[in-house]
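The values are calculated or read from the model by the stated rules, or taken from the named source; none is laboratory data. Predicted, not measured: the structure shown is a model, and the values here were computed from it. All Cβ positions, glycine included, derive from the backbone under ideal geometry; neighbour counts span all protein chains shown.
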Amino acid sequence: MPKWISVEEAAVKYGINKEVIWLWADMKRFPMSYEKGITTVDEESLIGFLHQNKDRVTAEYIDTLEDLCIGKANICNLYAEIIGCQDKELLYQREQIARMKEIQTAMKRQNSRLRDCEKVFTKYEENFSTCWIGRICAHLRRLIRLMRR
């Protein structure tokens with residue numbers, strides 16, 4: 001049955017920097033567990049690893065360390081690529097917002113012009129209701145109503 005010891009306790013007990021223990025754990029050199037926010041390692045596996053590597057650094061250790069570094073670099077590259085894609089998406093969205101604001105401004109201007117025309121037609125509507133110009137005004141009003149729908 002494994003005896004679990006916190007990374008901090010292991011660092012003090014064996015005189016090893018706790019960051020180095022974290023690195024070894026990342027390299028999967030011995031079992032590691034998270035309990036109640038505390039990271040623990042299997043003490044027997046840690047002792048075995050220390051005994052195995054006490055005299056020298058093995059080629060396997062260097063290869064594993066190199067693989068770990070390459071993996072971390074690949075993760076960093078992926079994050080950089082994701083951030084680049086997000087930047088492009090934000091730029092695209094800002095361009096879309098600018099276009100929408102331009103369209104909204106043009107629509108407001110057009111709406112204002114239509115209201116001005118409606119006011120003019122309403123003003124002269126009573127005067128021309130019986131003559132041919134009145135009929136034209138009535139037709140124009142119908143057209144304006146149709147355009148609004």
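Residues in segment 1-50 that are free of Cβ contacts under 8 Å to residues at least 40 places away in the same chain, under 23 Å from ASP67 (Cβ atoms) and over 37 Å from the mean Cα position of the chain (by Cα): 4 in all. I'd like to check something: does segment 85-105 contain any residue that is surrounded by 10 or more Cβ atoms within 10 Å (Cβ to Cβ), of a type in the set (S, T, N, Q), over 23 Å from the mean Cα position of the chain (by Cα) and modelled with pLDDT under 95? Within segment 85-105, not a single residue is surrounded by 10 or more Cβ atoms within 10 Å (Cβ to Cβ), of a type in the set (S, T, N, Q), over 23 Å from the mean Cα position of the chain (by Cα) and modelled with pLDDT under 95.
Can you tell me which residue in segment 1-27 is nearest to ASP63 (Cα to Cα), limited to those that are among the basic types (Lys, Arg) and touching a helix residue (DSSP H, G or I) at 6+ places or on another chain (Cβ under 8 Å)? Lay out the reasoning, then the answer.
Taking segment 1-27 and keeping what is among the basic types (Lys, Arg), we get 3, 13, 18.
Okay, now just the ones that are also touching a helix residue (DSSP H, G or I) at 6+ places or on another chain (Cβ under 8 Å), so 3, 18.
On the way: LYS3: 29, LYS18: 22 Å.
Checking each candidate, the answer is LYS18.
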